1. Give me the extension gain from residue A:153 to residue A:36: residue separation times 0.36 nm, minus the current Cα-Cα distance, reported in nm with one decimal.
2. Can you give the percent of C-alpha pairs in the protein assembly as shown whose distance is more than 36 Å?
3. Pairwise over distinct Cα atoms, reciprocal of the mean inverse distance: report the Kirkwood radius of the range A:238-278 in Å, one decimal place.
4. Calculate, for residue B:92 and residue B:459, the FRET efficiency according to 1/(1 + (r/R0)^6) with r their C-beta to C-beta distance and R0 41 Å; round to the nearest 0.05.
5. Within the P(r) computed for the range B:229-298, what percentage of the Cα pairs occupies the region above 17 Å?
6. Given the -39500 (n - 2.57) contribution per DSSP H run of 4+ residues, what per-residue ellipticity at 222 nm results for chain B, rounded to the nearest 500 deg cm²/dmol?
7. For A:234-246, what's the mean count of beta carbons from other chains sitting within 10 Å of each residue's beta carbon?
8. Rounded to whole Å, give me the distance from the Cα center of the range B:67-117 to that of the range B:1-66.
């Protein structure tokens, strides 16, 4: 007898929710264990999610463009009862097995979704505060999150008591009526009450997991339908056209929010308001949405920029010796960029200055000093900046480092980095040496506390005591977190780095 | 020398509307009209007199067909003087009304023929009077197109203005041109007792309209008139003692025939070349049209043009809307002419009206559309008024269902078409029209039924199969 079994997103690491960019199966497909089901795209990498067991796709819970989080339903597989049993024994999620037993077992817990109740005439509103965290115990009517609409803020209370099992929203998210806020874990009694209260039609099969499957995407679907049916030329009634003429607004610039993309008086007014607030030079402009990487890294960068008191120390390093060595190796067909040497030298100096290979904890009161030497290397990609991590730099040879760097940067450009490859750095280097510039002030990659910026090598006249000698000089800029590192330490770090780089034999020390 | 702020040349529906609107917006306005009465072609020798005569025709026809309702009238006795007087009374009531409205607005009315001297001056032709203006609105309209090959010097060869004079009722009358004007005049003369022949160069009457919309009228006149020759050309027309001898070229028409009177209704020519507008620097094309921007401004900054003179369709209701735009722009307003549709109506029997895009236009443009056709043979109201002919046709965007056009043939089609025009301006879908409750029994129901036919929700007929 065939049984249906849910396939949920396994733990994919430190992501709240990720975009589904491909759905590789359709209802009715037969998939084998480990066949890819969907492709996800995180900030910096894409990954395929394999089937945990074989079966026939009975229903799909996600579509392209959806966001999905760990534990959420991907699809339902129909399999022979044997296989299903195997599967449920193997990978049974705690919630599933408990449901079956819940009526008998008093100590068992059940998870129940808390969704946004009807908040009135808003498409979606901003979450400006999340008042609970995973593990918190909340009582009925305790506030969970705070929402902000155009005109008011409101707190959303818990509909029943329980322990927060997972959060589906974070500050800055938009949420619409019916979308998931969080999951509460409650005693079976309570859970039963709750599920009776707000039973969704799919409840009968598997109580908890089926709750997750539908609500969130539902609203998005309707939105999509509206945009799909919108004609290229939005309609505006004669009175709106008249108003637009009077205001001197071209209707083609306005996106209507009325039924079927119809331009309403409010659309016109808010468009004009925008111009009044932000100005309009009359020159043609185009609104280009930032790439996803830029949107994400932008937030991160501005947090770093505004929360860390940066000091940037500049220096120039005589790399005549290094260049000679490089040239010599090049003749032997071993290509080493200056960056490899800088990485090696940085690790050497980090060993003597452990505070630079550290991060400040959340309280801002403790320094977490890392005993490993992993360096983040900023890489420019068509979609924006990413920072893959080269691990254990101290233990790798120059040639090994060169190979690893080449591999990691080419994969970064192709968008093929795994999330794990972008984690665990203690210190970051950003090199613009290949492009130009005499200096720049890099922004620290929080929670790290320092970053080294490398600009382009220039031949400069350097006084050798008797004459000016043409010398290859590479400009370095060290930004550090002044809460952790004081000026003397920063200057010392730079001086020692200079020492090592200008006398490359010191790397052997 | 007279000085004025706003000069309007021509007092037709466009001209008087422009003058009145400009005056209402606080301008000092002078209106020049060649004829003694205001109102232009529309009021004096166009829309209004023809409609009054068409009503006379309708009464005659209704009385004639009353026998099927069980009421028999004696054959009508037609007193032509009385018919003319009724028409003239209506015309003078309206033109007098305009005169009064002009006076109430303190619009200065000058009788004369204006010709431009410069971009700020016109002279009154035949006098030394010069009028200097700051802004000018040209609303000099159009005139009947007269081909020199037709002997118009003979009184028996008429244009529409002559025909409206109703000098007599010819026994055999030829109408050259199967367009709106020719067909309306044919309707009048047919009712008064003339035996009508129509000759049209194109392959259908009213060639711009969709064929299915004109078919009910075509069937009726084909039966009632002596002849309707399509794809036929008049090659020669000579005045003979017995009548006007007309030679034809066309497969159904005889080589020649002689008629007591001939009405030539082959279109209208804009009056752009008759006012020396080039002296003001205004650009006029060789047919006499003046082009404007959508604020009705010509290439000369202080000179505007509206109505027939700026292009097709030459319709009074287009002119009045353009007039308001021009007057408002002159007064510093930010108006523009951006109507989505200008309806067209033939006040024939049955009437024909259409608005928005025609099926021909949509097909040519490659637009995918859904068509809903409701034949009036299924309309209770239509049958009740003793009619069986007529159709309502709605054209809707195949994907969104938005109304693109409507065509109606039947009693009062000209009045019924306004609903569709409003629907187009408001961007209605077929379901908006179908779901709007139309009173029963009315002819206006047929518009909703056409939408229901397109939607497949009709119950008064079998819905077309293609849709659910």
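Bear in mind these aren't lab numbers, they're just calculated from the coordinates by the rules spelled out. Just so it is clear, the model here is predicted, and its values are computed rather than measured. When we count neighbours, we look across all protein chains shown, and the Cβ atoms used for this are built from the backbone with ideal geometry, even at glycine.
1. Full extension of this stretch gives 37.8 nm more.
2. On the way: 331779 of 476776 pairs.
For the protein assembly as shown, the fraction of Cα-Cα distances above 36 Å is 70 percent.
3. Its Kirkwood hydrodynamic radius stands at 10.2 Å.
4. 0.25
5. 61 percent
6. Calculated at 222 nm, the ellipticity per residue is -10000 deg cm²/dmol.
7. Working: counts 1, 8, 4, 5, 6, 2, 0, 5, 5, 1, 3, 8, 4.
Mean partner shielding for this stretch: 4.
8. 10 Å
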